[in-house]
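A short write-up of the structure that comes next.
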Amino acid sequence: MSKLQQLDVFIGTNTKLGRLILPIGTETEFSFIYEDEWKHTGFPISPHIPFDDQASPRSIENYLRKLLPEGEAFEEMIQNTTISKNNTFGLIRKLGAETSGELSCKGKR
């Protein structure tokens with residue numbers, strides 16, 4: 001079994017809605033798993049990331065890219081890091097609670 005990088009995904013300050021998962025050694029094989037409780041009380045974060053856990057890695061990455069700043073703000077963000085601008089998971093992990101939407105991402109401690 002391959003090792004996984006994971007980020008807990010929250011809406012608001014402390015409502016966990018799921019986990020973003022990426023196998024170590026890849027940059028594009030994303031998966032997203034919703035929390036069971038969120039499935040009962042919440043909604044999919046995107047029509048392209050449904051509750052059935054069948055979202056394509058590409059759909060998940062496209063959604064995540066939309067959480068990142070754009071234009072000059074994006075360029076400023078990556079200047080202050082050694083993370084490649086193509087490393088979506090690394091950028092989301094770095095940005096964490098400061099995404100452009102209501103979602104925040106936190107690594108497991």
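A few remarks follow.
- Each residue, Glu37 and Thr82, gets one label point 7 Å from its Cα in the Cβ direction; the gap between the two is 3.8 nm.
- Only Lys, Arg (+1) and Asp, Glu (-1) charged, at Cβ; region 1-89 dipole about Cα centre in debye: 100 debye
- Note on the chain: dipole from Cβ charges, positive end direction compared against Thr88, Gly71, Pro47; the farthest Cα belongs to Thr88.
- What the phi angles of region 32-46 give under the Karplus curve with 6.51, -1.76 and 1.60, with θ = phi - 60°, is a coupling list of 9, 10, 7, 5, 4, 4, 5, 4, 7, 10, x, 8, x, 6, 7 Hz, glycine and proline written as x.
Readers should treat all values here as calculations from the given coordinates under stated rules, not as data from a laboratory. Bear in mind that the values here come from a model prediction, so they are computed numbers and not experimental data. Using ideal geometry, Cβ is built from the backbone for each residue, glycine included, and neighbour counts are taken over all protein chains shown.
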